[in-house]
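Laboratory data are not the source of any read-out in this text; all were calculated from the coordinates shown. Given the structure is predicted, the values throughout are model-derived calculations rather than measurements. Glycine also receives a Cβ, built like all others from the backbone with ideal geometry; neighbour counts cover every protein chain displayed.
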Amino acid sequence: MRTIQFLLLLAVGILMTAGYAAPGDAPQWRGGPERTGAVTGPAVLATWPKDGPPLLWKAPLPYSNSAGCVAVADGVAYVTLGHFVKGDAAKGEKDHLPATVYAFDALTGAPKWSHDLGDTLSGWLMPGGTPAIADGRVFVMYGPITPGVDGRMAQRTKTIKVCCLDAATGALQWEAEQPATTVNITMHGGPYGSPLVVDGVCLVQESNLVAYDAASGKVLWTSPLVDGAHASPTAWHAGNRTLVLCRSTYLLKDAQKLYPELTAVTPKDAPNIGGSGVYALDLKTGVPQWLVVLPGDMWNAAQPAVIGDTLLYVGEDRLVAVHLDLHAPTILWRTAAGVVQGMAHYGPSPAVADGFIYMPVPQKLLCLSLADGSVAATQPQEIRFNLFTSATVVNDRVCFVDADMGRNGNVYLLQAGKEMHIVSQFPLKGLTEYPSPTIAHGLMYLRCGDGIACYDLRAAGK
């Protein structure tokens, strides 16, 4: 028995070191390196009271419209936010936007530590990413502010900073800086993306894809092929190899000048679709393995997701499924034209679990079959749609938050699967504009404009 317990503890330790979530945790954006938006955990409430599930705690924070979500690992909830501070011109003070990483006890909300990142202009006056936690470290990325004139803040940044903090204390372990060249970042604030940490490597996708040694911050490699903004890398394990999957606008013709042997796959029904899409790169070397040609808007923050050997990606206003292979991926299906219309320019990411995909589109939430991309169910009208909000799946339920630009909205609980429908909902004021729920160990964490709210979804006695 002791041998079995030791092996189980060893396996959990290996997963956590590799960057994969311990059971029930949500240590990275969309849950983990595969970015599925699906979590495991205890049995949850089948329905909610009229006023919503029990509020376990709320941690007040300075008002912020940051787009990042909460990450949860080892009993601690982490979040990065920035808030605008108006300077007193009469005193010669300039406006500034301090950004801070906060850590709270995940069960009680008690503050554990905070770390000041300095002034930042990140994601329209907000740090837009979610922290990544792995092997006792917290990884964050943000855009330091480029000062304006006459006390004003310039809406641009020239660099992307990556910081590694001690998860227990918040002490700085290392930091690195890389140029920000993509126009979306330099002119419109950024980044919105989140770090990926897997197998001891921290990857940051903004302007270029840069791989850092997670322990030391040493640059391992840089790929010029990944030039997109706002999205985040995804990992796929294939035996003893790991591929990093990234959406990019870098054209095939230019990539093949650098890598003449690069394999490209194009949809059969759209041979002239273009020359950019999803690149697969070897985690250890950064050498590209292949490109699936599926163009998407540079603004698109939709997250590629991996379930088993299937990649899901929003490109060219269609949701696409790709069978993953180390050398020769194949396109399984693309949704029909118009099914996910309008998504190429925005950022809701697919959530996938138990053979179904949950995709927010304008004015509705779709449930699609993972097998062929057909629409299995639609929840219209009541869900107004938010530009960057994604659903989260827990057991047989789907949680989705919708907020208008006035930051008032609803939190929805839906039956998962082909019978998808709204089971419960409750109104919530003071949300951020882009609130995707994080669920860990049966608790739901929501970013509000003035703090973090934690709701208890666990069924009685569980």
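Modelled this way, with points 7 Å down the Cα-to-C-beta line, the labels at HIS421 and VAL219 are 5.6 nm from one another. Applying 0.36 nm per residue to the separation of ALA264 and HIS327 and subtracting their alpha-carbon distance, the gain on full extension is 21.7 nm. Do any of LYS364/LYS418; LYS50/LYS418; LYS58/LYS161; LYS58/LYS364 go past 19 Å between their Cα atoms, and which? With Cα atoms farther than 19 Å apart: LYS50/LYS418; LYS58/LYS161; LYS58/LYS364. Taking 7 Å steps out from each Cα toward its Cβ at VAL287 and ASP396 produces label points 4.9 nm apart. May I ask for the net charge around ALA167, where only other residues with Cβ less than 11 Å from the Cβ of ALA167 are counted and Lys, Arg are +1 while Asp, Glu are -1? Computed value for this residue: -1.
Determine the sum of side-chain charges near THR130: Lys and Arg each +1, Asp and Glu each -1, restricted to other residues whose C-beta is under 12 angstrom from that of THR130.
Numbers: positive: ARG30, ARG35, ARG447; negative: none.
That sum, taken over residues with Cβ under 12 Å, equals +3.
Rounded to 0.05, the FRET efficiency of the ASP372 and ASP254 pair, given R0 = 25 Å and the Cβ-Cβ distance, is 0.15.
Each label point was placed 7 Å from the Cα along the Cα-to-Cβ direction; for ALA22 and ALA459 their separation is 2.5 nm. Label zone of ALA238 (point 7 Å out along Cα→Cβ, amide N under 18 Å): in region 194-218 this covers 199.
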